[in-house]
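Below: the structure, in structure tokens.
The values are calculated or read from the model by the stated rules, or taken from the named source; none is laboratory data. Owing to the predicted nature of the structure, the values given are computational and were not obtained by experimental measurement. Here the Cβ is made from the backbone with ideal geometry for all residues, glycine too, and neighbour counts use every protein chain on show.
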Amino acid sequence: MDNQRVRQLLASSPGDARVATRGWVRTHRDTKDIVFIELNDGSCLKNLQIIIDKAGPAGGDQLKRLATGAAVTVEGKLVESPGKNQAVELHADRLTVVGDCPADYPLQKKRHSFEYLREIAHLRPRTNAFGAIARVRNNMSTSIHRFFQDRGFLWIHTPIITGIDAEGAGEMFQVTTMPLDKLAGLQPTTIDYSRDFFGKPAYLAVTGQLQAEVYACALDRAYTFGPTFRAENSNTVRHLAEFWMIEPELAFCDLEANMDLAEDFVRTVISDVLNDCPEDMQLFDQRIQKGLIESLQAVARSPFKRISYTEAIAQLKDSGIEFTYPPEWGAALQTEHEKCLTEQIHNCPVIVYDYPAECKAFYMKQNPDGKTVRAMDVLVPRLGEIIGGSQREDNLEKLESRMQAAGLNPDDYWWYLDLRRYGSVPHSGFGLGFERLIQYVTGMQNIRDVIPFPRTVKHADF
Ligand code: ATP
Ligand code: MG
Ligand code: MG
Ligand code: MG
């Protein structure tokens, strides 16, 4: 008999046909004649209630081995459930404990703190919250690919090892090679850097943008969706050392169309997850942030506010709020400013555009005013920035001079400059931190809890 997932069974009608399923025991309760098991297999938030008659064929030895966390298979019939929580329950006449679970199993309690669970990241997907996060993350990944595929974008796999420092920022991990004797537990005889292998220092990519531009400038629309790496030393709830980025890039596209795309993208992914994962979203609404679903529904429905950086600074100054860093034209917006704009001043996501050139990367297109660039950030309540994007500089000479001003050597970017030398075209794109969007959608406080295996300072176990 085929095993069915719990999700399928909970949606089935009671009947005489025999069914089989499997999973892990969440809880079990012993009464005089009957044993109740709450069975979960990760296919949905809900457990399937299993009823076993102690005097029946499934009673006996196996019942003694039942424990929270044990892996079991069961067979029997689906019966209408007298309980309110589910329509059906399984009356089992066959039970096999496939894997015992001793009493030192760390997930005995009903709820554990997220801090505690972070230390046992290999067991936390067995809890309701982390099962829900995994399903929501999966749903959002699928929705993101569908969004771009429906609009004719090609998914490009950009390299993880790179020889360039795309942002001109010093937060990269350098790649080194490991001599085999070190792997065998011996001391390395020589220190062997990537220079020896690649002929130059190599790094883990902080972004795939520049390579995505290569493909957009040939095939019109491309996007990347892959891991990126930043040696973030600050211990914040919004930064990881390894995170996933979605980076679309479009030829024949200006900043306005880029902002339209970013907004459409965020709203579509949010409305998909609300439609596809109602039970999981309910858990976040009840346990993590009250009113979450309603606020996301409003975001999915209404246009984002758009203001220029200059307007943003004026609004922050007029707000009368005392900031740790008072807003000043020319400086990057701090998280406190971004939160103020989205929570207090506008109470919705805000796109800020036309930032001063000095606080943005070299590849952003200059405005005719000579002071600002065609940059845009999408800011959301609770988090601040989730997207950074821009129209790219498509003029060869201007790009070269911006590089020099940023202290970069244009010779290192000869291939990138070729995109402007041969058939240059106005083009734009943005980068969205996937974990930031998941944080926003789930209401989770700490970014370490929305990625399966978080990498941060001092944390790179298994
Ligand atoms: P922040 O100001 O939050 O440090 P950033 O301006 O340095 O972000 P960008 O280079 O613009 O980041 O990257 C694009 C997007 O990638 C950001 O909007 C954010 O969503 C995400 N992001 C950046 N750094 C991290 C990180 N360390 N961990 C998780 N997501 C990140
Ligand atoms: Mg940063
Ligand atoms: Mg920023
Ligand atoms: Mg940014």
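Within the range 296-317, the set of residues being outside any helix (DSSP H, G or I) and out of contact with any strand residue (DSSP E or B) (no Cβ under 8 Å at 6 or more places or on another chain) comprises Ser302, Pro303. For the range 24-45, a residue qualifies if it is farther than 15 Å from Val79 by Cβ, surrounded by fewer than 17 Cβ atoms within 10 Å (Cβ to Cβ) and in contact with a Lys or Arg (Cβ under 9 Å, 6 or more places away or on another chain), and the qualifying residues are Thr27, Asp30, Thr31, Lys32, Asp33, Gly42. Out of everything in the range 379-416 that is hydrophobic (A, V, I, L, M, F, W, C) and touching a Leu at 6+ places or on another chain (Cβ under 8 Å), what residue ends up being surrounded by the fewest Cβ atoms within 10 Å (Cβ to Cβ)? Filtering first and then ranking leaves Leu396. Take Gly320 and tell me if it is on the phi > 0 side of the Ramachandran plot, in contact (Cβ under 8 Å) with a residue 12 or more places away in the chain and either surrounded by fewer than 16 Cβ atoms within 10 Å (Cβ to Cβ) or not in a strand (DSSP E or B) (or both). Here the answer is no, as Gly320 does not meet what is asked. Between Tyr223, Tyr215, the distinction of being in contact with a Pro (Cβ under 6 Å, 6 or more places away or on another chain), aromatic (Phe, Trp, Tyr), modelled with pLDDT of 85 or more and within 30 Å of Val273 (Cα to Cα) belongs to Tyr223 only. Restricting the range 211-230 to residues that are part of a helix (DSSP H, G or I) and surrounded by fewer than 20 Cβ atoms within 10 Å (Cβ to Cβ), the residue that is nearest to ligand 3 (Cβ to nearest atom) is Val214.
Any residue that is out of contact with any Asp or Glu (no Cβ under 9 Å at 6 or more places or on another chain) and under 27 Å from Val206 (Cβ atoms) - is there at least one of those in the range 269-284? Yes: one or more hits.
When Thr73, Thr68, Thr21, Thr96 are screened for being among the hydroxyl-bearing types (Ser, Thr, Tyr), free of Cβ contacts under 8 Å to residues at least 60 places away in the same chain and either surrounded by 14 or more Cβ atoms within 10 Å (Cβ to Cβ) or part of a loop (DSSP other than H, G, I, E, B) (or both), only Thr68 passes.
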